[in-house]
2 protein chains.
Amino acid sequence: MSEIVVVGSVAIDSVESPFGKQEECFGGSASYFSYAASFFTPVKLIAVVGEDFPHYFKTVLQERGIDLSGLEVQKGKTFRWKGKYEGDMNVAETLDTQLNVFQQFSPIIKLESCDYLFLANIDPRLQLDVLGKLKIKRLVASDTMNHWIRDKRDELMQVFEKVDMIVLNDMEARLLTDEQNLVKAIKKISEYGPSKVVIKKGEHGSIAFYEGNIFTFPAYPLEEVYDPTGAGDSFAGSMIGYLAKQDNLNMNEFAKAIAYGTVVASFTVERFSLERLREISTAVIEERLQTFRKLTRF
Amino acid sequence: MSEIVVVGSVAIDSVESPFGKQEECFGGSASYFSYAASFFTPVKLIAVVGEDFPHYFKTVLQERGIDLSGLEVQKGKTFRWKGKYEGDMNVAETLDTQLNVFQQFSPIIKLESCDYLFLANIDPRLQLDVLGKLKIKRLVASDTMNHWIRDKRDELMQVFEKVDMIVLNDMEARLLTDEQNLVKAIKKISEYGPSKVVIKKGEHGSIAFYEGNIFTFPAYPLEEVYDPTGAGDSFAGSMIGYLAKQDNLNMNEFAKAIAYGTVVASFTVERFSLERLREISTAVIEERLQTFRKLTRF
């Protein structure tokens, strides 16, 4: 069992979906990632929040044993995101983004090395900065977003050369590679550097690349999706959490890690914010993994 | 091993995709269904063509041992469809439809009974007519389309009450049930009558309902989709073909049947018309099924 270090955003979200509205709830890529990963292995969170960050949100993470010694509190307000989901709910409409203290985020890395590192969706310049400071012993994975793909492609390409795994969604993969076909896209991304690539397709599941091999998984079928926010980050968190727990990166473990990612993400979307994840346990995750196996086997 | 009877369209298609253009090629729901099913079990085709129907197309079906004694030749021209695929190629843009002899199609049923029956996408009035004439011993399945869902809902509902299985695509399922969520939609469809429902999602795979149980499968990952025409019909053909071959309708065989449907449909789209299906064999299908199993297992 190895620790994961995650660098990313901790945010206060306001989300609207056909199922309701939540104001000022707990959000951020690193929050979802950490919480999901904590079901599998110890997690150290590196992020920044403002002075207004609710103490209660901290206790939510602490309850799961997440190491918050790298959670910096800066003068100013916490990063806020406001979004809305409609129709098939596959894409969030961003209504407002206030970067606040996140604007000047410069991750303070007090470690010299770590076993597993996840660089959540932050400026690739910062991702490179972290990669320059930390020696990674086992696996480094990163996420990104359309904004960096369009505006910071050079830096992003440098990140891709240095990481073992890329986790991104279908639209990002298409934008990045200019390939409509995701099998072509995933192969192209692997040529940028990483030997492992996972493309998340929301309700349509995922496709993955592992050293020349392709995997594909459906999503866990749900009757109600309350709020897709954080699905991708909790997918990555549980996937990499499982790998770090096993501390085994072979192909079978990689496939199983994606199944865990699928299952934990399916819980995330069943309520707003981290609400549903706070209700579950490793036993509940295992149970759904077994169900997922049954309903995909032939 | 039981015979399947299929009632549907045999057509002459003209198709355009980013990979090229094919004029006057072999098409039609019953053609694709029969050809795919013939890899598994004997097939009897009931359809109508015009006097212009190329003899060569008949030999294509005869080569696979498909019983064409129910293929009526009428005065006039064969049903023609012209379509175009662009972008993600999930939906065909219909450029032209000439029903010709298909307009007056009234299936001539010389049999009194059959083991397996597939009612391809035809007027639900005709589907009801066939159901009234034929005693089905093992399984009857049907397809439909947006046109009948909108304009002949009452007749369609009568069909649904009489069939064991419905096979339709995601857009049709949503239109039919007014449910965006496909798990809800599939359950609702089962309440219309059939104990088995399969919703095809094109490149996103499928979701299936079997007597209260849900299954979900990804599509077989392909780098190039030349022409999606006939994918759904060859999916249904190989799925029901496999069931008829085994003559066993238990849940495990149902799941395996969907896997065969997925695999054969993946061949269909690799070339225009029936071209790719004409190159393959049961051995090639088995090989891809094994690969599909590997790349979806965890």
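Among the residues that make up segment B:283-290, is at least one of them in contact (Cβ under 8 Å) with a residue 40 or more places away in the chain and touching a strand residue (DSSP E or B) at 6+ places or on another chain (Cβ under 6 Å)? No; the residues of segment B:283-290 include none that is in contact (Cβ under 8 Å) with a residue 40 or more places away in the chain and touching a strand residue (DSSP E or B) at 6+ places or on another chain (Cβ under 6 Å). Can you tell me which residue is surrounded by the most Cβ atoms within 10 Å (Cβ to Cβ) among those in segment A:134-175 that are of a type in the set (K, R) and assigned to a helix (DSSP H, G or I)? Ranking the candidates gives A:R174 first. When B:S142, B:S113 are screened for being touching a strand residue (DSSP E or B) at 6+ places or on another chain (Cβ under 9 Å) and farther than 19 Å from B:A11 by Cβ, only B:S113 passes. Among the residues of segment B:176-222, the ones that are away from every other protein chain (no Cβ under 12 Å), outside any loop (DSSP other than H, G, I, E, B) and open to solvent by less than 10 Å² (accessible area, probe 1.4 Å) come to 5 in all.
Results for (1) of a type in the set (V, I, T); (2) in contact with a Gly (Cβ under 8 Å, 6 or more places away or on another chain), shown as yes or no for each residue.
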position	(1), (2)
B:Y192	no, no
B:S206	no, yes
B:L222	no, no
B:A255	no, no
B:T262	yes, yes
B:E270	no, no
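With a requirement of 3 or more residues that are in contact with an Asp or Glu (Cβ under 6 Å, 6 or more places away or on another chain) and closer than 22 Å to A:E270 by Cβ, the strands (runs of 3 or more DSSP E) lying completely within segment A:1-120 that satisfy it span A:11-17, A:80-84.
A quick yes/no check of all residues on (1) buried (at least 17 other Cβ atoms within 10 Å of the Cβ); (2) touching a residue at least 40 places away in the same chain (Cβ under 8 Å):
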| site | (1), (2) |
| --- | --- |
| B:H55 | no, no |
| B:W81 | yes, yes |
| B:T94 | no, no |
| B:P107 | yes, yes |
| B:L111 | no, yes |
| B:G132 | no, no |
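Helices (runs of 4 or more DSSP H) fully within segment B:237-298 that include at least 1 residues being within 28 Å of B:E211 (Cβ to Cβ), touching a Leu at 6+ places or on another chain (Cβ under 7 Å) and within 11 Å of chain A (Cβ to nearest Cβ): B:251-268.
Going by the conditions given, is A:S281 modelled with pLDDT of 95 or more, crowded, with 23+ Cβ neighbours inside 10 Å and not β-branched (V, I, T)? No.
The combined condition, being of a type in the set (D, E, K, R), open to solvent by less than 10 Å² (accessible area, probe 1.4 Å) and over 15 Å from the mean Cα position of the chain (by Cα), is fulfilled by A:D227.
The values are calculated or read from the model by the stated rules, or taken from the named source; none is laboratory data. The structure displayed is predicted, hence computed values, not measured ones. Positions of Cβ are backbone-derived with ideal geometry, glycine not excepted, and every protein chain shown enters the neighbour counts. Each accessible area value is taken on the protein alone, full model and side chains, heavy atoms only, with ligands, DNA and RNA left out. Shrake-Rupley method; radii C 1.70, N 1.55, O 1.52, S 1.80 Å.
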